[in-house]
1. In the list HIS132, HIS136, which residue meets the criterion of being in contact (Cβ under 8 Å) with a residue 60 or more places away in the chain, within 16 Å of ligand 1 (Cβ to nearest atom) and not aromatic (Phe, Trp, Tyr)?
2. What are the residues in the range 94-114 that are outside any helix (DSSP H, G or I) and not small (Gly, Ala, Ser), if any?
3. Taking the range 260-280 as the region of interest, how many residues are within 11 Å of ligand 1 (Cβ to nearest atom), closer than 21 Å to GLN328 by Cα and touching a Lys or Arg at 6+ places or on another chain (Cβ under 9 Å)?
4. Which one of the conditions (1) away from ligand 1 (no atom under 16 Å from the Cβ); (2) in contact with a helix residue (DSSP H, G or I) (Cβ under 9 Å, 6 or more places away or on another chain) does THR208 fail to meet, given that it meets all the rest?
5. Going by what's in this entry, would VAL244 be described as away from ligand 2 (no atom under 16 Å from the Cβ) and either at negative phi or surrounded by fewer than 23 Cβ atoms within 10 Å (Cβ to Cβ) (or both)?
6. Tally the residues that are in a loop (DSSP other than H, G, I, E, B) and within 16 Å of ligand 2 (Cβ to nearest atom), restricting the search to the range 307-324.
7. Show me the helices (runs of 4 or more DSSP H) found entirely inside the range 1-86 where at least 1 residues are more than 28 Å from HIS136 (Cα to Cα).
8. Please list, ordered by first then second residue, the pairs with beta carbon atoms under 6 Å, 6 or more apart or interchain, first in the range 239-253 and small (Gly, Ala, Ser), second assigned to a helix (DSSP H, G or I) and within 16 Å of ligand 2 (Cβ to nearest atom).
Amino acid sequence: MAFLDHVLHPPSYGWQDDRGELQRPSVTTILREFFNRLNIFADRKNWLAFVSWFKVFCLLPFFLLFVFQFFSWWMLLAAFVYGMVIMGTHGTVWHHRYCTHGAYRFSNGFWRFVTRQLTLNIIPEEIYVISHYVHHAKSDQPGDPYNAEGGFWYCFLADVNHQPIARDLSENDYKRVTRLMAHTGVKGNTYRQYQYWGSYARPLATLTTWLLNWSFWYGIFYLAGGYALACSLFAAAGVWAVGVRTFNYDGHGHGKDKQREGIDYNRADRSINQLWPGLVAGEWHNNHHLYPKSARSGFKTYQLDMAWLYIRLLHCVGAVSYYRDDKQNFVTKYLKR
Ligand SMILES: [Zn+2]
Ligand SMILES: [Zn+2]
């Protein structure tokens, strides 16, 4: 069996039925799976998915403080810019284009560190990266961890139900996982530690990084604007953390053919270019499926791509030593015909 066929921990309902069609579990089944796979008392190997949602849970008090204690239009504006534009663009720059696709390279570990820590630490790299390889290999097919045809909840809870790595990888397959993660700078478990924890990520390092990252940013936000700003921006990060989990369902047209002539040029899957994720985070998803390794996804004039602007800026100051840009290939192939 090919590596990408078994690198993810399959849900108990399986990826496909006997006829090879996508298994479409009911919402109840999906929710039951979700809570089973978050239960760290039943299985310690659930720890990483648990931590990922526990962080979202920890952001809830900040959200309540923002709404009931600190709300003002200025704070709302700050929260909007942070939660939509900054968190969104950072997800594209870091998790998507760098960690998964290697669309650009840092000149040194310092700039990689700075970029990784540039926003509140929420989504574990391992959960995003490995499953995203599978997503590209099996887009809209059974086995795609956030197959939009599975429905909203199938995608929304995918980081727990479908995205964690398998727990029974051979030593060789686990080595392949470590190779896919090596350039991210996230230090991983040895094979023996992986057999114990079920993850590439190491629990102590994961928790330390998280706490230091949040403490640092809370301090900075507090110095810049007191409790009000700190709570508002943490609240915004929480809204982003929930909202980003809806992206994969939306980005593949809710599992329906929503591609438009003159906008979506890639017809090999159901990905679509959407104005909002494009403008705030550079996620021109149909373009991205055409050229996944490109550090730029906004190819047309109106397709603002702030993630690309960040990468270009780092390149200008010498922090990025290499990037790939497929804009010219896109223009030649699709626009000059
Ligand atoms: Zn996609
Ligand atoms: Zn991608």
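The values are calculated or read from the model by the stated rules, or taken from the named source; none is laboratory data. Everything numeric here is computed off the predicted structure, so don't read it as measured data. Positions of Cβ are generated from backbone atoms using ideal geometry, with glycine treated the same way; all protein chains shown enter the neighbour counts.
1. Result of the check over HIS132, HIS136: HIS136.
2. Those that are outside any helix (DSSP H, G or I) and not small (Gly, Ala, Ser): HIS101, TYR104, ARG105, PHE106, ASN108.
3. Residues flagged as within 11 Å of ligand 1 (Cβ to nearest atom), closer than 21 Å to GLN328 by Cα and touching a Lys or Arg at 6+ places or on another chain (Cβ under 9 Å) within the range 260-280 amount to 1.
4. Single failed check for THR208: (2).
5. no
6. So the count comes out to 1.
7. The helices (runs of 4 or more DSSP H) meeting that bar are 47-68, 73-80.
8. As it stands, the answer is GLY251/HIS285, since those pairs meet every condition given.
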